[in-house]
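Here the structure is laid out as structure tokens; the discussion comes afterwards.
The values are calculated or read from the model by the stated rules, or taken from the named source; none is laboratory data. The structure displayed is predicted, hence computed values, not measured ones. Here Cβ is always computed from backbone atoms with ideal geometry, including for glycine, and neighbour counts include all displayed protein chains. These area figures cover heavy atoms from the full protein model, side chains too; ligands, DNA and RNA do not enter into them. Shrake-Rupley method; radii C 1.70, N 1.55, O 1.52, S 1.80 Å.
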Amino acid sequence: MAVSFIVLFGVLGNIMSGLVYISPANVFVRIVKRRSTEEFESIPYVSKLLNAYFWSYYGLIEPNSVLVASVNIFGAGVEIVFLTIFLLFATPRMKARTAMLVAALDVAFPAAAILLTQFLLHGDKRIDVAGLFCVVFSMIAYASPLSAMKTVVILKSVEYMPFLLSFILFLNGGVWTLYSILAKDLFVGIPNGIGFLLGTAQLILYAIYWKPTKPFNQVSDDLEDQQISEALVPASKST
């Protein structure tokens, strides 16, 4: 019975995290249509690809964690497509900057870290080191939600904290936290438990500061596109 619930929440987590990964698709449709990356930054996508690499590796070496690996392998593929589009339409300066970030953070660093972990460590030590990498990079991803919450409190307005982003953070964190409890996986539980708490806090702030008479403008829409792209994955699985 416990195994069936683990599979159930793992599948639900895959669906939620998959939606998080593809949520910036409208940003890239816009980039292709306008043939320009405009003011969008590549760092969120570089970071999500790095995070996806380590969660994929962790899921493959941790016993019975194929559902952790599967969604992040999918996510890595999505982020590679997004970054390819970004590089095609970025300005020369942004293209050079993004190419350097990709080479350093999405090729050289993960390749070196994973190869060293794979060949120098064994058994539980290898799994623990891979899990620590996942936790660290997932925690870094929470800078964006925390920044959004600070803005809401200062401005006393939820205009710059999209409800969709907060709701996704809440659901994604909650599903993977339940999975981690059932699977007794601390590395999955720590970042997603924090993500669930942040998502809950954001929904509370939304209830406090939401003003139904104030419409969202185009600036808010553009910000939502960018902020959704910075959301955890999960397995942020980030998460």
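What is the gain in length, in nm to one decimal, between Ser147 and Val81 on full extension, counting 0.36 nm per residue of separation less the C-alpha to C-alpha distance? Numbers along the way, then the final one.
On the way: separation 66, 0.36 × 66 = 23.76 nm, distance 2.73 nm.
Taking 0.36 nm per residue and subtracting the Cα distance, the gain is 21.0 nm.
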How big is the gap, in Å, between the Cα center of the range 1-76 and the Cα center of the range 122-174? 14
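Enter the accessible area per residue of the chain (Å², integer; probe 1.4 Å; all protein chains in place). Before the final figure, lay out each step's value.
Numbers: 11670 Å² over 239 residues.
Ligands and nucleic acids excluded, the result is 49 Å² per residue.
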Non-local Lys pairs in the chain, i.e. 8 or more apart or on different chains, that have alpha carbons under 24 Å apart: 13
Expressed as a percent, the accessible surface of the chain that is carbon or sulfur, using a 1.4 Å probe and the full set of protein chains, is 74
Note, the range 162-168: 3J(HN,Hα) by Karplus (6.51, -1.76, 1.60, θ = phi - 60°), whole Hz, Gly/Pro = x, goes x, 4, 4, 4, 5, 5, 5
Any chance you could run the full-extension gain for Ile140 through Ser157? It's 0.36 nm times the residue separation minus the Cα-Cα distance, nm to one decimal. 3.6 nm
Across 5 Å bins from 0, what is the distribution of all Cα-Cα pair distances for the chain, in whole percents? 1, 7, 14, 18, 18, 16, 12, 8, 4, 1, 0, 0
Given a Förster distance of 25 angstrom, what is the FRET efficiency for Leu120 paired with Asn64, based on the Cβ-Cβ distance and rounded to 0.05? 0.55
Just to check I understand the Karplus step: with θ = phi - 60° and J = 6.51 cos²θ - 1.76 cosθ + 1.60, what whole-Hz values come out for the range 14-29, glycine and proline as x? 4, 5, 5, 5, x, 5, 4, 4, 8, 4, x, 4, 5, 4, 7, 4
When the convex hull of the C-alpha atoms of the range 82-197 is computed, what volume per residue in Å³ does it have? 140
For the pair Leu132 and Arg30, what calculated FRET efficiency results from E = 1/(1 + (r/R0)^6), where r is the Cβ-Cβ distance and R0 = 30 Å, to the nearest 0.05? 0.25
Alpha-carbon spread of the range 1-84, three principal axes, descending order, Å: 51, 21, 14
